[in-house]
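The values are calculated or read from the model by the stated rules, or taken from the named source; none is laboratory data. It should be emphasised that the depicted structure is a prediction, and the values quoted were computed from it without experimental measurement. Every residue, glycine among them, receives a Cβ derived from its backbone with ideal geometry; neighbour counts consider all protein chains shown.
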Amino acid sequence: MTIVSDKYMDSGGNRLGWLVSAELPTEDGGSHVEIKASDNDRISIYYHRRKSNGPHLVRGLIRQKWLDLGGLKGLGYPVTDECDTEDQQGRYNDFQKGSIYFLKGEPEAFMIRGSIRKKWKDEGGVRRLGYPTTDEKPVAGSAQGCYNDFKSAKKEEGDHRAIYWHPKVGAHLVRGAIHYEWLMKGGVVGLGYPITDEEDYIGRNGHRGRISRFQKGVIIHYWEGSSTYVVSYEKGQKIVFSIRVSIVVILAGIWVASCVYAIITRNFWLLGILLPSGGAITAVLDYIFRKMGERVIDFLLSNNAS
């Protein structure tokens, strides 16, 4: 008897299904057996003494998805058997490099991994966000980003929800009306990646809602009237740029005129003060413009979505 054959017997032996292969070696020193269940379901038991913390079963929809994603070369060895989810509405296996979940009654299982899986679990996993309805997918128009879509097992919760990840901003949740509006505005191409999760928001008029901030703007959804507002940072940046150019031109003119005056009048004391001060003036202006930009964005936000 081997560890894999012991697992087969412990899992029910012939009641689990009939062995259709001897114990076979894997390329990296592990082993596996293949089993055919009475309902024609295909089951595998995989084991590696260093990589799999014991022999584990993979079967059905999860097995098929795992094989489609490359099997051992994709997600690696299973590190759990197929198990019920916390809400008992689905099944899952964990693997070395990710997890595969499916909602009972659905025809396909989906993969979730890495920072998105961690964020999903931190937000409550299947109980709060539901089940993945896509594998982790690359974001169109973005070189490094990826996402998973999710849906609740509860029929009354039909809102859209997704977690997007990019190395520069991390993983963040977008859902419901804000998710819909963001996609309508071009998604990542339009407003960029989410840089915060959805949060509570109170407008100047006291109306309450939810807000998500993105790289290029903000989306607010109010509960009252179900109205959604989008404020693009581009407008604020254009305003700040126009003010900045005007102030720089005026100050540069004053500085040049003062230098010329100091040279003509041979006021070397004044010239000694003016010439080294360019760097300090630039640093002060950068700070002022940065703060001004924040105030302009806040003003646009409060006046366009209050």
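The sole residue among Asp41, Asp10 that is surrounded by fewer than 18 Cβ atoms within 10 Å (Cβ to Cβ), in the same structural domain as Lys73 (by TED's automatic domain parsing) and in contact with a Gly (Cβ under 6 Å, 6 or more places away or on another chain) is Asp41. Scan segment 140-161 for residues that are assigned to a strand (DSSP E or B) and touching a helix residue (DSSP H, G or I) at 6+ places or on another chain (Cβ under 9 Å) and the total you get is 5. In segment 82-105, of all residues being without any contact (Cβ under 8 Å) to a residue 40 or more places away in the chain and assigned to a loop (DSSP other than H, G, I, E, B), the one that is farthest from Asp135 (Cα to Cα) corresponds to Gln88. The residue that is farthest from Arg59 (Cα to Cα), among those in segment 106-127 that are within 15 Å of the chain's Cα centre (by Cα) and either part of a strand (DSSP E or B) or of a type in the set (Phe, Trp, Tyr) (or both), is Trp120.
Determine if segment 26-46 includes at least one residue that is acidic (Asp, Glu) and in contact with a helix residue (DSSP H, G or I) (Cβ under 6 Å, 6 or more places away or on another chain). Yes, some residue in segment 26-46 is acidic (Asp, Glu) and in contact with a helix residue (DSSP H, G or I) (Cβ under 6 Å, 6 or more places away or on another chain). Taking Gly124, is it under 30 Å from Val174 (Cα atoms) and outside the structural domain of Gly13 (by TED's automatic domain parsing)? Yes: the conditions hold for Gly124.
Take the conditions (1) touching a helix residue (DSSP H, G or I) at 6+ places or on another chain (Cβ under 8 Å); (2) surrounded by fewer than 21 Cβ atoms within 10 Å (Cβ to Cβ); Leu191 misses just one of them, which is (2).
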